[in-house]
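Colleague: I am attaching a structure below and will ask some questions about it afterwards.
The values are calculated or read from the model by the stated rules, or taken from the named source; none is laboratory data. The shown structure was predicted, so the numbers you read here are calculated from the model rather than taken from an experiment. Here Cβ is always computed from backbone atoms with ideal geometry, including for glycine, and neighbour counts include all displayed protein chains. Remember, those area values only see protein heavy atoms, side chains included, never the ligands or the DNA or RNA. Shrake-Rupley method; radii C 1.70, N 1.55, O 1.52, S 1.80 Å.
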Amino acid sequence: MKQATAHNCSQCGAPLIFVSEVTELREGTRFPQTTTKYRCSNDECQGEKDKQTAKRIKLLEDKAISDQKRKDEKAAEKKLLV
């Protein structure tokens, strides 16, 4: 269900398209939290945002892998010292 909203894109100023809304009670919180997703109606702008999001996710995955590798190396060093 796509519909234009009164909200505008912060980068290009085009109207945003409502995508979804989810209300959930997260662990450790007292009140439910509502998360609303929008997409930019300008395809070029949305494509650029999607690229940036994919790049950010890739960097987070790479960081997690390198952190795990570093942790494993430290554990191996401790084994050799003992």
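Colleague: May I ask you to verify whether PRO15 is of a type outside the set (A, V, I, L, M), open to solvent by less than 100 Å² (accessible area, probe 1.4 Å) and touching a His at 6+ places or on another chain (Cβ under 9 Å)?
Modeller: For PRO15, the condition - of a type outside the set (A, V, I, L, M), open to solvent by less than 100 Å² (accessible area, probe 1.4 Å) and touching a His at 6+ places or on another chain (Cβ under 9 Å) - is met.
For every residue, the table says whether it meets (1) outside any helix (DSSP H, G or I); (2) within 19 Å of the chain's Cα centre (by Cα); (3) of a type in the set (Lys, Arg); (4) surrounded by 10 or more Cβ atoms within 10 Å (Cβ to Cβ).
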residue	(1), (2), (3), (4)
ARG30	yes, no, yes, no
LYS37	yes, yes, yes, yes
GLY47	no, yes, no, yes
ASP50	no, yes, no, yes
ALA64	no, yes, no, yes
ARG70	no, no, yes, yes
